[in-house]
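One structure below.
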Amino acid sequence: MSDPILSLNNVHTDIAQYHILQGVDLEVPKGQVTMLLGRNGVGKTTTLKTIMGQWTCKSGEISFDGQDMTQMAVSARARAGIGFVPEDMGIFADLTVEENMVLGATSGPMDPKRKEWLLNAFPALGTFWTSEAGNLSGGQKQMLSIARAMAEDRTLYLIDEPTKGLAPAIVSTMAQALRELKAQGASILLVEQNFSVAKALGDTAAVMDEGRVIWTGAMADLATDKDLQERLMGLSMEAH
Amino acid sequence: MIVKLLSGDKPRSRVLTALLLVILICLAGAPFIFDGVRPLDTAARICIFILLVASYDLLLGYSGIVSFAHTMFFGLGAYGVALASIHMGRGFDALLVGSVAGALAAVILALLIGLFSLRVRAIFFAMITLAVASAVAVLVSQFSGLTGGEDGLTYKIPRVLTSANRLGEIMGTKISGKILNYYLIFFVSLILFLLLLRIVNSPFGRVLQAIRENDFRAEAIGYRVVWYRTMATCLSAATAALAGSLFAIWLRYVGPDTTLSFEIMLDILLMVVIGGMGTIYGAVIGATLFILAQTYLQNLMGTAAEATSGLPLIPELLDADRWLMWLGILFILSVYFFPTGIVGRLREQHRA
């Protein structure tokens, strides 16, 4: 396994009176796609939000690219090179697609080559370039959310269920874009329920249960072992 | 050229464009179009309040920050000019020093309030601004040696800007320093309004809009939300203070009731809501309608009451003394029928 770009060491997070993350240990290898899997409510989204700083890590350590970022401000984590695509998309509905994309490039004007690549990967965004983002369909909003996170080169992308509820054609567009992002050398921590997408993209996998990571290994191993899947997640992923 | 001047932010509605043009022409030609002192005074107030309301829209409409301290900043600018004119004597240098000092004081105060309270939830910021504004109003009343207390301050402005300066006649209108004073207010307000339009349409303005919609998302993209909110508060405060300076130059009097009262704060809120939040142009429509109603509704109702004197009940309802009640009803109706403000509604109609 290559060096981790992100490490979580015994991370605990509370949301109100609930103890959600109960000692998460996780490593995301550099340049690979790590799938974060598990049943609903086991803490996958909370893990991403804790890495991003939306939820404060009560104890434990989060280090990114060799730097301790446990106490870092949210914006500083983003500027350090982490792109975050939340499950609720988080697009700015009153702004146009163009304005959303421009906002994604925080360090200056968007690189024309990158813009061209993103518009090729997500052609619908080009079609609705000057439309208000709030008027886009669910799939287009999801594309915009991912494209905005990719508007400038980031070292690590945290992506929460990008294909949830989307039509198969949009899922394959999304998967292709993530594949291209991976080919560019980006590291990705991806929460994904769609097994075919997870199998196609994932290099490594971490399975969570009750606020902890209970298994880590190669995605290929998990994808081929139905017994392991049932033991870890209580179901066979092929059925999903 | 015009689109560039508007920073690419066109009115996006034919009716709105027509309304804005009528207002601009009326304000630009007010001394020549309307007779008498009252219309000129109303036009000057409209110019100043357009600027004041636009500066509040930068805060409320574009940044999603609720502040009750806007009249405090307005007052700081006004008192800056008043105090400078009293201590330095009448002159443009006093006006300039007073305006700059007022704007600087407003920025420093906004910075302090922002840094202390913009990190916390929006409601706390609103409460803190309310507390600080109330404290400043009390201080102004108490330090009567400096501020004139409840009586306020009267002072002299450069003679060239007063009625005593007679310059002849153009198109049948006697040109005096008062008209020069009006055009000073008109052009400074226009320039600052266009500057605000530039700010809200700049990348900085887009980040403010993003923060208004979802502050965590903006932060997670990499924008320091507190810094942006604080900058917006400072810019808004500085512009409000400059509007206050213009008001002081026009009135040649400042007092707590004319510049610091909570009633003015409520008026500003109403003007923003009626015009349309987050549009900047809403400030033009909101301020114009509000001040026209405030100035002329009483007269209009008096005339209507006279005209309907033969009818039962109606003349009593239209009694000039009830103008404030009708003003309230008009505003309730406008908020009910135009929930996104007049500008928002006109733009929606245009899109449809």
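Of the options B:Ile175, B:Ala352, B:Val272, report the single residue whose Cα projects farthest towards the positive end of the charge dipole of chain B (beta-carbon charges: Lys, Arg +1; Asp, Glu -1).
Most positive-ward Cα: B:Ala352.
Expressed in whole Å with the largest first, what are the equivalent ellipsoid semi-axes of the protein assembly as shown derived from the C-alpha gyration tensor as the square root of 5 times each eigenvalue?
57, 26, 22
Assigning unit charges at the beta carbon (Lys, Arg +1; Asp, Glu -1) and nothing else, what dipole magnitude in debye, to the nearest 20, does region B:176-324 show about its Cα centre?
820 debye
Answer with one residue from B:Gly148, B:Leu197, B:Val132: the one whose Cα lies farthest towards the positive end of the charge dipole of region B:120-204, charges on Cβ with Lys, Arg +1 and Asp, Glu -1.
Value: B:Leu197.
For the pair B:Thr340/B:Ile108, report the inter-label distance in nm, with labels modelled 7 Å from Cα in the Cβ direction.
Inter-label distance under the simple model: 4.3 nm.
Measuring from label point to label point, each 7 Å out along Cα→Cβ, what is the A:Gln71 to A:Asn120 span in nm?
4.6 nm
Quote the FRET efficiency, to the nearest 0.05, computed for B:Ala122 versus B:Leu96 with a Förster distance R0 of 45 Å and r equal to the Cβ-Cβ distance.
0.80
At a probe radius of 1.4 Å, figure out the A/B buried accessible area, summed over both chains, and give it in Å² to the nearest 100.
1700 Å²
On the accessible surface of chain A, probed at 1.4 Å, how many percent belong to carbon and sulfur atoms?
Summing carbon and sulfur atoms, their accessible area is 47 percent of the total for chain A.
Do you know the relative contact order of region B:116-194, to the nearest whole percent, from alpha carbon pairs under 8 angstrom that are 6+ apart?
It rounds to 14 percent for region B:116-194.
Just the number please: accessible area per residue for region B:2-351, 1.4 Å probe, all protein chains included, in Å².
Value returned for region B:2-351: 46 Å² of accessible area per residue.
At a threshold of 8 angstrom on Cα-Cα distance, excluding pairs fewer than six apart, so keeping six or more, what relative contact order does chain A reach in percent?
Value for chain A: 26 percent.
Summing Lys, Arg as +1 and Asp, Glu as -1, what charge do residues with Cβ under 14 Å from the Cβ of B:Leu83 carry, B:Leu83 excluded?
Summing Lys/Arg as +1 and Asp/Glu as -1 gives +2.
With a 1.4 Å probe and all protein chains left in place, how much accessible area per residue does region A:89-153 have, in Å²?
Using a 1.4 Å probe on heavy atoms only, each residue of region A:89-153 averages 41 Å².
Report the charge-dipole magnitude of region B:2-351 in Debye, nearest 20, computed about the Cα centre from +1 at each Lys and Arg Cβ and -1 at each Asp and Glu Cβ.
1180 debye
In degrees from 0 to 90, rounded to the nearest 10, what is the angle of the helix A:112-121 Cα long axis to the longest principal axis of chain A?
Helix A:112-121 sits roughly 70 degrees off the main axis of chain A.
Please say if region B:2-351 is rounded, prolate or oblate, where rounded means a/c under 1.5 for a ≥ b ≥ c the square roots of the C-alpha gyration tensor eigenvalues, and otherwise the choice is prolate for a/b larger than b/c and oblate otherwise?
Cα axes put region B:2-351 in the rounded bin.
What number, in percent, do you get for the relative contact order of chain B if the mean sequence gap of Cα pairs under 8 Å and at least 6 apart is divided by its residue count?
So the answer I get is 29 percent.
What is the distance in Å between the Cα centroid of region A:1-54 and that of region B:58-129?
With region A:1-54 and region B:58-129 each reduced to a Cα centre, they are spaced 45 Å.
Rounded, prolate or oblate, given the Cα gyration tensor of region B:242-352, with a/c below 1.5 counting as rounded?
The shape class here is oblate.
Short version: which residues of region B:213-231 lose at least 10 Å² of accessible area, all chains versus chain alone, 1.4 Å probe?
B:Glu213, B:Asn214, B:Phe216, B:Arg217, B:Glu219, B:Ala220, B:Ile221, B:Gly222, B:Tyr223, B:Arg224
Using alpha carbon centroids, what distance separates region B:284-352 and region B:149-228, in Å?
With region B:284-352 and region B:149-228 each reduced to a Cα centre, they are spaced 27 Å.
Using a Förster radius of 35 Å, what is the FRET efficiency between B:Arg351 and B:Leu330 based on their Cβ-Cβ separation? Nearest 0.05, please.
0.85
For A:Asp221, B:Asp57, B:Asp151, what's the largest-to-smallest order of accessible area, 1.4 Å probe?
B:Asp151, A:Asp221, B:Asp57
So which residues in region A:50-78 end up with at least 30 square angstrom less accessible surface once the other protein chains are there, compared with the chain by itself, probe 1.4 angstrom?
Relative to the lone chain, where solvent access is computed with a 1.4 Å probe, region A:50-78 loses at least 30 Å² at A:Gln54, A:Val74, A:Ser75.
Can you find, among B:Ile33, A:Gly38, B:Ile46, the residue farthest towards the positive end of the dipole of the protein assembly as shown? Put +1 on the C-beta of Lys and Arg, -1 on that of Asp and Glu.
Value: B:Ile33.
Within the accessible area of region B:217-261, what % is carbon and sulfur when the probe is 1.4 Å and the other protein chains stay in place?
58 percent
Kindly report, to the nearest 10 Å², the accessible surface of B:Leu6 as traced by a 1.4 Å probe over protein heavy atoms only.
For B:Leu6, solvent-accessible area is about 40 Å².
Need the per-residue list for region A:89-107: every residue with at least 30 Å² less accessible surface in the complex of protein chains than in the chain by itself, probe 1.4 Å, sorted by number.
Going by heavy-atom accessible area, the residues of region A:89-107 that drop by at least 30 Å² are A:Phe92, A:Asp94, A:Leu95, A:Glu99, A:Leu103, A:Thr106.
Among the helices of chain B (complete DSSP H runs), which have Cα atoms covering no less than 24 Å along the helix axis and a Kyte-Doolittle mean of at least 0.0?
B:37-57, B:70-88, B:92-117, B:122-142, B:177-200, B:225-251, B:281-307
Could you work out the pair-distance distribution P(r) of region B:11-70 from its alpha-carbon pairs, with 5 angstrom bin width and percents rounded to whole numbers?
The percentages, shortest bin first, are 4, 17, 17, 18, 17, 14, 9, 3, 0.
The values are calculated or read from the model by the stated rules, or taken from the named source; none is laboratory data. Just so you know, these numbers come straight off a predicted model, no measurement behind them. So basically every Cβ, Gly included, is an ideal-geometry build from the backbone, and we count neighbours across all protein chains shown. Heavy atoms of the whole protein, side chains included, go into the accessibility calculation; ligands, DNA and RNA do not. Shrake-Rupley method; radii C 1.70, N 1.55, O 1.52, S 1.80 Å.
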